[in-house]
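The values are calculated or read from the model by the stated rules, or taken from the named source; none is laboratory data. Everything quoted here is computed from the prediction, not taken from an experiment. Here the Cβ is made from the backbone with ideal geometry for all residues, glycine too, and neighbour counts use every protein chain on show. The accessibility values were calculated without ligands, DNA or RNA, using every heavy atom of the protein model including side chains. Shrake-Rupley method; radii C 1.70, N 1.55, O 1.52, S 1.80 Å.
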Amino acid sequence: MDPRSTAQDVHRCDLCETAIVHSYCDFCHVNLCKPCVVDHISDGYLKHAIVPFMERRSTLVYSKCKTHLHKNCEFQCEDCNNIFVCSSCTASKQHKGHNFVEVTEVYKTKKEVIKKDIKKLENHISPSYEKITLELEQTLANLDVGYEKLTTTMSKQGEQWHREIDAIINKMKTEISEIKVQHREILQTHLNEIKQIQSVIKQSLLAIREIEKSTEVSPTIEYSSKIREFSKLPPKVQVSMPTFIPKPIDREKLYSLFGQFTSLYTATEENVSLLNQPKTSVRELQDEPEIVTTIQTGHEYLRSVTCVNEDRIWTSGETNNIKCLNINGSLLQTIHTKSGKWPIDIAVDRDGDLLYSEWETRTVNKVKNRQTEELIRLQGWRPYNLCVTSTGDLLLTMYIDDLTQSKVVRYSGSTEKQTVQFDDEGKPLYSGNSYTKYITENRNHDICVADCAAGAVVVVNQDGKLRWRYTGHHSVTKNKPFQPFGITSDSQSRILTADYNNHCVHILDQNGQFLRYIDNCDLKNPYGLCVDNNDNLFVCEYNKGNVKKIKYLT
């Protein structure tokens, strides 16, 4: 060991600054050697608290009583807003009959709180803020790269447009050249016909002049006049030049046709409060999920369920009735669709109002105060499944009339905000058909779609970028093709999806890793799913018409 560093670590007296420390004044907070102790307490022993150096800061420094100046406040009066009082105050008329607590006990309790707070700040809160800071700094550092990619994509689109416009111009020029050839042929043919007639006239004129000069009788008498024939001029062929009629440039339409970029979409992810103990907020999967209750809905073919609260649910099937039931199965309200056709899907918005989509009318409708109003009407596309996000937006799956394309559209009210359809390579994210595509938003704002026909759960982030696909989990007992129907997510960002063919529910983590099945609750053809605020799972049984409430978290 370096002797110099050892010398530097030795504590010295704060008064003489040379001798090694021996004692410590807990009131004045100074180091003292033996000789300097006497000098330090020379102004009065009671004004100081001299302790061995190794026991420094062990003496409690009480505040002085404002009424009895020579006494320390060693108590707090609970009946006087916990003001500090001395022993004389406790016996005074002012505090007669009051309750007191020793300051030392409060001090010890507070010290324990401080120790815990320091531990939480050092081990949990500060590292969490460091992590958030690092993530934000990395995001900021990558901001220019991201926007550069955006402008590059737009430039490529511009180049593609230029190529297409050049191709259109060249095609039109070719068409003009072809028209010009036709124009020339028409005129040339007509000219040839006129010249042929001119040649005949010239020959006739020569013959007539010969007869005129001749004295022969026979040719003159046999002459037949062709004046009437030649006087009838041929029809004049008029071929008009083609004209190019430029259409006025509609800049707004061009802007919309060129493409669109999503608006700056900001969402705040709620983190678990670090002031609470983190472990208490984590809910683990139960060893054995259990049925809490079975609700008979009366629907013959039950498709969708959505929670209003812990005690009420909306259900819909393949009739025009949408039923609101309590947890005991009592019918509270029935809504009939405007078209008389059965609704494709249902959801509840943040105000507790019912939303439903209709394939027949291409609409999404809202029921408020028992009055139905049209929220969205599509053109060329038909709506399918829907969900309401944590920010109050509406996510809607839809497919085009010719069944070749499907997409997800985000709406704010009736206004389209975002379209999710293709991955970064321009390939479709979802299968193009009219099969169900239930949708939900995870707690981390991922958009999760159960693409039944594709046999996959497709998850993109809130910007529409593909994160992962889940195509089922290998199991000896689950040997039928994986076709996910309903999908939902819980408070732990786990994703649950209904496996109709194998009569179970798959539970995945937020990164698409399989966690377990719910296959012990005698589920038959599970269809629509939802989770309430207490993480109870509600499962539609398509053929039975039942909704099963299942507890699957601890």
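Taking a 1.4 Å probe, which of 54, 398, 172 shows the most accessible area, and what order do the others take after it? Intermediate results must be reported in sequence, preceding the final value.
Numbers: 54 160, 398 10, 172 80 Å².
Listed by decreasing accessible area, they come as 54, 172, 398.
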How much of residue 189 can a 1.4 Å solvent probe reach, expressed as accessible area in Å² and rounded to 10? 70 Å²
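Roughly how many percent of the accessible protein surface of the chain is carbon and sulfur, given a 1.4 Å probe and a whole-percent answer? Display every interim value, and only then the final one.
On the way: 18390 of 35510 Å².
Here carbon and sulfur together make up 52 percent of the probe-accessible area.
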For residue 83, solvent-accessible area (1.4 Å; no DNA, RNA or ligand), Å²: 70 Å²
Determine the gain in length on full extension of the stretch residue 491-residue 227; use 0.36 nm per residue of separation and subtract their C-alpha separation, reporting nm with one decimal. 84.5 nm
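Give, in nm to one decimal, the length gained when the segment between residue 123 and residue 212 is fully stretched (0.36 nm per residue of separation minus the Cα-Cα distance).
Values: separation 89, 0.36 × 89 = 32.04 nm, distance 13.13 nm.
Residue separation times 0.36 nm, minus the Cα-Cα distance, leaves 18.9 nm.
How long is the gain from residue 187 to residue 144 if the chain were fully straight, where each residue apart is worth 0.36 nm and the alpha carbon distance is subtracted? Before the final figure, lay out the partial values.
Numbers: separation 43, 0.36 × 43 = 15.48 nm, distance 6.34 nm.
In short, 9.1 nm is gained.
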Ordering 522, 393 by how much accessible area each has at a 1.4 Å probe, largest first, what is the list? 522, 393
Any idea which of 304, 141, 28 is furthest toward the positive side of the dipole for the chain, if Lys and Arg beta-carbons carry +1 and Asp and Glu beta-carbons -1? 304
Over the heavy atoms of residue 55, what accessible area does a 1.4 Å probe trace out, to the nearest 10 Å²? 100 Å²
Of the options 98, 419, 539, report the single residue whose Cα projects farthest towards the positive end of the charge dipole of the chain (beta-carbon charges: Lys, Arg +1; Asp, Glu -1). 419
Given +1 on the Cβ of Lys and Arg, -1 on the Cβ of Asp and Glu, and no further charges, what dipole in debye does segment 94-193 carry about its Cα centre, rounded to the nearest 20? 860 debye
Karplus-derived 3J(HN,Hα) from phi for segment 95-107 (6.51 cos²θ - 1.76 cosθ + 1.60, θ = phi - 60°), whole Hz, x at Gly and Pro, runs 10, 5, x, 7, 9, 10, 10, 5, 4, 4, 5, 5, 4
Binned Cα-Cα distances of the chain, short to long, each 20 Å bin given as a whole percent: 14, 28, 18, 20, 11, 5, 2, 2, 1
Cα long-axis angle, helix 126-141 against the chain (0 to 90 degrees, to the nearest 10): 30 degrees
Under 20 Å Cα-Cα from residue 119, which aspartates and glutamates qualify once same-chain neighbours fewer than 8 residues away are excluded? 130
Can you pull the one-decimal nm distance between simple spin-label points at residue 514 and residue 136, each 7 Å off the Cα toward Cβ? 4.1 nm
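Can you count the Lys pairs in segment 157-228 with C-alpha separation below 25 Å, eight or more apart or on different chains? Before the final figure, lay out the partial values.
Working: 171/180; 180/195; 195/226; 202/213; 202/226; 213/226.
Lysine pairs satisfying the spacing and distance rule in segment 157-228 number 6.
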Residue 469 versus residue 351: modelled label distance in nm, points set 7 Å from Cα along the beta carbon direction: 4.0 nm
Can you return the lysines within cross-link range of residue 64? Criterion is Cα-Cα under 30 Å, with same-chain partners fewer than 8 residues away left out. 34, 47, 93, 96, 108, 110, 111, 115, 116
Using label points projected 7 Å from each Cα along Cα→Cβ, tell me how many nm separate residue 197 and residue 47, to one decimal. 14.0 nm
